[in-house]
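Report on one structure; see the data block that follows.
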Amino acid sequence: MYNVLITDDEQIVVDSLKFIMNKDFPDQIKVFSALSGTEAIEITTKENIDIVFMDIHMSGINGLETVSCILRLKPETVIIMLSAYDRFQYAQEAINLGAFKYITKPVNRNLVVQTVREAMNQVDKQRGQFTSDQELHKKLDLISPMVESDFIYSCIFSNEKNTDVSTFFEYFNITESHWCFCCLELPGVTTENQFQVYSSLRTLLNSHCKCLLGSFMSNRLVIFFPISVPEEISPAEAMKNEVNRAFNLIAINISQKVRAGVSVIQQDTSLMAQSYNQALEALNHTDKNGGIEYYSGEGTESLEQVENYGERILGRLGIGDGAGVKYLTSEYLNHLYGNGSDLNKIKNLLFELLIRARDITNNLSNTLQKTSYTNEAFDSIFSFFSSCSDRAQIEDFVQQRLFECASHVTKIRSKKENPVIKKVTQYVQDNLSKDLSLDVVAQNVNMSSFYLSKLFKEETGETFINYVTDRRLEKSSQLLRETEKSIKEITADVGYNDQNYFSKLFKNKYGLSPTEYRNNTEEK
């Protein structure tokens, strides 16, 4: 249905056009009429008018002035100008305003019918474009957060030292050469309101500044800020101006007790993981009641300050934040050894930390799952610390035990394996040779791709894309060991079309090409 407005101060013209339209388009259009420009504007504000026939010469507000006002109110309106004068000046003014057609009176029936049809076609084109734009925005609203999360994950958790972020920069149109990371902690964020807080935060920041947001890890998330540096100020000043503005927006609109840690400004993308660690360390020194801290890297902490790391490690462990536990433990160990502490003192502190970690995990397990936490590795920690003095072995042992505790806490906090994730992982395992895009799998479990991506990361600790890639590469290594299939056949069996791309992924994971891997296993 098309809404058509006829505006002319001569009633006979209005009636004539009405008659033609109602007779030739009885079920396609709804006709409105106005005898003045003022009335036409009023109808336009109340009704969803698609097409306007407008007389140029009217008393009061003339047709050109009325059209100018209508197009400001509804720019997509299709305008057909009417005039008793065939003057180029009028036609030119009408076209300059954005009119679709200019026809002179008196008009014959065939011309009116043809003009209406052409106007309806124009409306259809505009509706189609509007729908396409809406769909595009909807898709971008769903896809962009997922891509942002993958970008953040690639930067801070990738095993590769030189992670290529150029594709992400191109996707998000990031042309700035300077950047920094910010670790944000928001009080009161739970699994129930994470999505709502994330959506509000993302909308707020994207409307005022340029940045990319990772997903929530407990009540923390990571923000990447591309920094534009004006000539008159230093890069560090530009960074602080941008981040302070964002922080103030969050404090005013989201939470006054927000805490933020910010890395130093960088240009070298190979230092992204290091910059994230700087932001996290700065966050750990931020006032508990809220505030922002910029990483300085200056000064040596006292032993008492270093020992406070233990409390922060146990705090992150208690909420199942494996990434936070891993980073803080690494920092704790570096500071313990860096302060030149006595080895026995270091061992005693680490022994106490592990005992407390086990007790916290056991208490949570009894409370949430009604079962005790069992881990045989903890039975040998006293003998381990008594006999071992090698720093690397000690660090590895401590990291493993703490990560095991954090992983168990994560699992019991979800009470049981999420049935949706169980269905997804089974579907992936059964369909490695097929299309396993997030959209396809999300459709299989009747869930939006954005929510599935977020849920999968929360439940498993890794992105969906990385999970699928790992399962495919594990399957390919099995086929290389146990079958005589060609590399090309195996590439197809695990869902890849490009053998070179598959080989590159395989080498990144196993350190050998598929052929080298097969030859090595055959020799053993």
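Restricting the first residue to segment 326-342 and requiring it to be closer than 14 Å to GLU311 by Cα, which pairs with a second residue that is modelled with pLDDT under 75 and open to solvent by 30 Å² or more (accessible area, probe 1.4 Å) meet a Cβ separation below 9 Å and a spacing of at least six or different chains?
TYR332/GLU307
Could you grab me the full set of residues in segment 470-489 that are closer than 24 Å to VAL424 by Cβ and free of Cβ contacts under 8 Å to residues at least 40 places away in the same chain?
Result: ASP470, LEU473, GLU474, SER476, GLN478, LEU479.
Being under 25 Å from LEU204 (Cα atoms) and open to solvent by 70 Å² or more (accessible area, probe 1.4 Å) is the filter; apply it to segment 141-169 and report the residue that is modelled with the lowest pLDDT.
ASP141
For segment 417-524, list the helices (runs of 4 or more DSSP H) that sit wholly inside it and hold at least 2 residues that are closer than 30 Å to ASP321 by Cβ; which are they?
Where helices (runs of 4 or more DSSP H) fall fully within segment 417-524 and carry at least 2 residues being closer than 30 Å to ASP321 by Cβ, they are 419-430, 438-444, 449-460, 464-482, 499-510.
Just wondering, is there one or more residues in segment 17-32 that are open to solvent by less than 40 Å² (accessible area, probe 1.4 Å), more than 18 Å from CYS69 (Cβ to Cβ) and out of contact with any strand residue (DSSP E or B) (no Cβ under 9 Å at 6 or more places or on another chain)?
yes
Looking at segment 300-356, which of its residues are at positive phi and at pLDDT 75 or above?
Of everything in segment 300-356, just one residue is at positive phi and at pLDDT 75 or above, namely GLY320.
Name the single residue that is modelled with the highest pLDDT among those in segment 88-126 being of a type in the set (Lys, Arg) and within 16 Å of MET54 (Cβ to Cβ).
LYS101
Listed here are the residues, each with its yes/no results for (1) crowded, with 18+ Cβ neighbours inside 10 Å; (2) among the charged types (D, E, K, R); (3) under 24 Å from the mean Cα position of the chain (by Cα).
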residue	(1), (2), (3)
LEU402	yes, no, no
HIS408	yes, no, no
PRO419	no, no, no
THR463	yes, no, yes
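Looking at segment 251-276 only, could you name the residues that are at pLDDT below 90 and either small (Gly, Ala, Ser) or under 22 Å from VAL189 (Cβ atoms) (or both)?
ALA251, ILE252, ASN253, ILE254, SER255, GLN256, LYS257, SER270, ALA273, SER275, TYR276, listed by residue number.
Identify all residues within segment 334-383 that are open to solvent by 70 Å² or more (accessible area, probe 1.4 Å), assigned to a loop (DSSP other than H, G, I, E, B) and polar (S, T, N, Q); write none if there are none.
Matches in segment 334-383: SER372, THR374.
Can you pull out the residues in segment 33-86 that are assigned to a strand (DSSP E or B) and open to solvent by less than 30 Å² (accessible area, probe 1.4 Å)?
Answer for segment 33-86, where residues must be assigned to a strand (DSSP E or B) and open to solvent by less than 30 Å² (accessible area, probe 1.4 Å): ALA34, ILE51, VAL52, PHE53, MET54, ASP55, VAL78, ILE79, ILE80, MET81, LEU82, SER83.
The values are calculated or read from the model by the stated rules, or taken from the named source; none is laboratory data. Here the structure is a predicted model, which is why all the values come from computation and not from measurement. Please note: Cβ atoms are built from the backbone with ideal geometry, for glycine as well, and neighbour counts cover all protein chains shown. For the accessible areas, the whole protein counts, side chains as well, though only heavy atoms, and no ligand, DNA or RNA atoms are used. Shrake-Rupley method; radii C 1.70, N 1.55, O 1.52, S 1.80 Å.
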